[in-house]
1. Say whether the condition of being in contact with an Asp or Glu (Cβ under 9 Å, 6 or more places away or on another chain) and closer than 26 Å to B:D111 by Cα is met by at least one residue in region B:205-222.
2. Kindly provide the set of residues from region A:78-93 that are under 24 Å from B:Y148 (Cα atoms) and either part of a helix (DSSP H, G or I) or touching a residue at least 40 places away in the same chain (Cβ under 8 Å) (or both), ordered by number.
3. A:T75: more than 10 Å from chain B (Cβ to nearest Cβ) and either at pLDDT below 90 or not in a helix (DSSP H, G or I) (or both), yes or no?
4. What about B:A162, is it crowded, with 17+ Cβ neighbours inside 10 Å, small (G, A, S) and either more than 14 Å from every other protein chain (Cβ to nearest Cβ) or not in a loop (DSSP other than H, G, I, E, B) (or both)?
5. Out of the helices (runs of 4 or more DSSP H) lying entirely within region B:1-108, which hold 3 or more residues that are open to solvent by less than 70 Å² (accessible area, probe 1.4 Å) and at pLDDT 60 or above?
6. Quick test for you: out of B:K174, B:K123, pick the one residue that is at pLDDT 90 or above and under 19 Å from B:M194 (Cβ atoms).
7. Being free of Cβ contacts under 8 Å to residues at least 12 places away in the same chain and in contact with a strand residue (DSSP E or B) (Cβ under 6 Å, 6 or more places away or on another chain) narrows it down to one of B:S238, B:S195, B:S220, so name that one.
8. Only residues in region B:134-153 that are facing chain A (nearest Cβ under 10 Å) and in contact (Cβ under 8 Å) with a residue 40 or more places away in the chain count as the first member; pair them with residues that are small (G, A, S) and open to solvent by 30 Å² or more (accessible area, probe 1.4 Å), Cβ under 8 angstrom, at least 6 apart or cross-chain, and list the lot.
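The values are calculated or read from the model by the stated rules, or taken from the named source; none is laboratory data. Values in this document were obtained by computation on a predicted structure and should not be read as measured data. Don't worry about glycine lacking a Cβ; one is built from the backbone with ideal geometry, like all the others, and counts go over all protein chains shown. Heads up: the accessible areas ignore ligands, DNA and RNA and are worked out on the full protein's heavy atoms, side chains in. Shrake-Rupley method; radii C 1.70, N 1.55, O 1.52, S 1.80 Å.
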Amino acid sequence: MATSTERFARIVYSNWPSNVFNPLTRVINKRMWKWTQGVTLKPTAKILVEFDPWAGPEKTISCRNTLRMFANHKTRKTNPKCEITTKIKNDRSEPVIDIEYSDGERLVFKSAHLHELEIFEKYMQKCAEKDPEIKLPN
Amino acid sequence: MATLTRITSAASAVRVVCPVLGHRVTQVRYRKTINTRSKKHISVKKAKLLAVTQWKAPQDSRVTMAEKCGLNMERMQQTVLQENPLRDLMAKEAREVLETSGMVAVLHTNDFSGPERRVFCTKLKESDITVRFWSNTVAGLAVQNTPYSALTTLMVGKNLYAHSLQPHVAQLMKVLKVTPQVNLIGGLVDGLLMSKADMEHYAQLPSMEQSLGEVVSVLSAGVGQTNQLLLTPLQQLSRNLQQISSEAV
């Protein structure tokens with residue numbers, strides 16, 4: 001669950017660019033680093049990330065950071081067959097992350113008001129249900 | 001306070017005798033000397049306990065309820081802006097690039113480093129497109145107080161900036177097709193803010209010379225048609241007169 005510190009950092013972005021220096025980026029990155037160490041794509045077949053970059057930084061930040069983490073070369077090594085596609089829209093719609101697992105089950109995140117840690121948490125919980133060898137990071 | 005009283009023994013040990021309690025409390029030291037010069041550091045546990053016992057001033061509650069409820073949000077939204085001359089210099093350079101370039105494309109990158117990045121930059125350099133790796137802070141400062149401040153909506157996550165003097169959008173699109181780690185999200189072309197779809201449409205437009213030629217041909221087509229309509233009866237008349245004169249002869 002995203003803590004108050006992560007949610008605080010979200011508020012900081014709403015006043016951009018006056019608050020140019022965000023002292024909590026390190027906190028976010030340190031915690032996210034722990035999660036990215038254990039993120040796997042083994043049970044997933046496809047990931048589709050759709051977002052409109054002009055919809056606003058508050059809505060797209062989670063989506064873009066999640067995409068960066070999924071497309072990381074270490075994460076991709078866990079399952080090279082997993083397709084990761086990016087669709088950039090221009091209709092001011094909200095960002096969507098559509099994950100399709102190998103057994104056909106789909107998991108859709110409407111990530112406008114979600115933190116990337118929450119997305120990873122839910123995603124990894126589903127992965128752990130499908131594959132018992134996957135361990136959740138603490 | 002314990003004083004050191006050297007009591008010789010076969011083991012060359014040192015007995016520390018407390019003058020108050022005398023022989024009732026003794027400690028045997030099996031080391032050479034006591035360290036009396038450098039200060040011993042306080043252990044973490046002791047330091048924590050000492051910190052807990054420190055007196056804390058009570059919170060100043062001389063504010064109204066409304067201010068109390070709103071004050072927290074203000075404090076949360078305040079951030080520290082540290083002075084960084086390098087950042088300001090880079091922002092100044094970025095602003096100059098923004099003002100002088102015909103095209104500035106904002107690209108979203110995933111995992112892009114090392115040889116892939118070098119190949120990407122080299123391919124773009126062939127079309128006179130330069131790639132810059134500015135942070136969101138620097139780019140935001142460059143765009144502040146300009147007509148293009150709306151670009152700040154794109155400044156989230158990790159971005160690259162590809163700029164050129166002339167708007168070589170078609171060449172940029174060709175290279176991006178071959179580079180899946182990089183996605184175009186928008187940009188500034190000829191002083192206009194554009195989305196990805198707008199830039200793709202711009203890339204498909206013909207060149208300026210071609211467009212001018214088309215405009216000239218469209219304008220001259222009407223004039224040519226009028227000219228032909230006016231000249232056709234005269235030409236017909238002259239042909240008929242020639243025919244009559246040849247028959248008469």
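1. Kept after step one, since they are in contact with an Asp or Glu (Cβ under 9 Å, 6 or more places away or on another chain), are these residues of region B:205-222: B:206.
Still in the list and also closer than 26 Å to B:D111 by Cα: none.
The answer is no; no qualifying residue exists.
2. If the condition is that a residue be under 24 Å from B:Y148 (Cα atoms) and either part of a helix (DSSP H, G or I) or touching a residue at least 40 places away in the same chain (Cβ under 8 Å) (or both), then A:R92, A:S93 are the ones that fit.
3. no
4. Working: crowded, with 17+ Cβ neighbours inside 10 Å: yes; small (G, A, S): yes; either more than 14 Å from every other protein chain (Cβ to nearest Cβ) or not in a loop (DSSP other than H, G, I, E, B) (or both): yes.
Yes, satisfied.
5. Working: elements: B:44-52, B:65-77, B:85-100.
Fully inside region B:1-108 and qualifying: B:85-100.
6. Only one candidate passes the filter, namely B:K174.
7. Working: B:S238 fails: in contact with a strand residue (DSSP E or B) (Cβ under 6 Å, 6 or more places away or on another chain); B:S220 fails: in contact with a strand residue (DSSP E or B) (Cβ under 6 Å, 6 or more places away or on another chain).
Being free of Cβ contacts under 8 Å to residues at least 12 places away in the same chain and in contact with a strand residue (DSSP E or B) (Cβ under 6 Å, 6 or more places away or on another chain) holds for just one of B:S238, B:S195, B:S220, which is B:S195.
8. That search, which allows pairs on different chains as well, returns B:V143/B:S149.
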